[in-house]
C-alpha cells in the first residue's frame, strides 16, 4: 500500500528528529569554533524545520 501525504510528512518529521540528534552529537565532539558555529546554525535550521513540519503533521492528522 502506498503512503499518503500524512505518512510522508510523518517520515520527514522522523528524519528531522534524527538530524537534530546527530547535530547535537556533533556539537559534543566539534573542536574548531568556526565549525561549532556552522553546526549550531544547522541545528537551528533543523529545529525550525521540525517546528514547521510538526505543525503540518498536526493539521494533516485533523483531516
If you go through region 25-34 one residue at a time, do you hit one that is under 30 Å from residue 61 (Cβ atoms), in a helix (DSSP H, G or I) and out of contact with any strand residue (DSSP E or B) (no Cβ under 6 Å at 6 or more places or on another chain)? yes
Going residue by residue through region 41-56, is there one that turns out to be in a helix (DSSP H, G or I), over 12 Å from the mean Cα position of the chain (by Cα) and touching a residue at least 24 places away in the same chain (Cβ under 8 Å)? yes
Spot the failing condition for residue 5; the list is (1) closer than 30 Å to residue 63 by Cα; (2) free of Cβ contacts under 8 Å to residues at least 24 places away in the same chain, and only one is missed. (2)
Need pairs with beta-carbon distance below 9 Å; first residue under 15 Å from residue 55 (Cα atoms) and within region 11-32, second at pLDDT below 95 and part of a helix (DSSP H, G or I); sequence gap 6+ or separate chains. 12/57; 13/57
Conditions (1) surrounded by 12 or more Cβ atoms within 10 Å (Cβ to Cβ); (2) within 30 Å of residue 63 (Cβ to Cβ): number failed by residue 42: (2)
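The values are calculated or read from the model by the stated rules, or taken from the named source; none is laboratory data. Small disclaimer: the values here were computed from a predicted structure and weren't measured. Cβ atoms come from the backbone with ideal geometry, glycine included; neighbour counts cover every protein chain shown.
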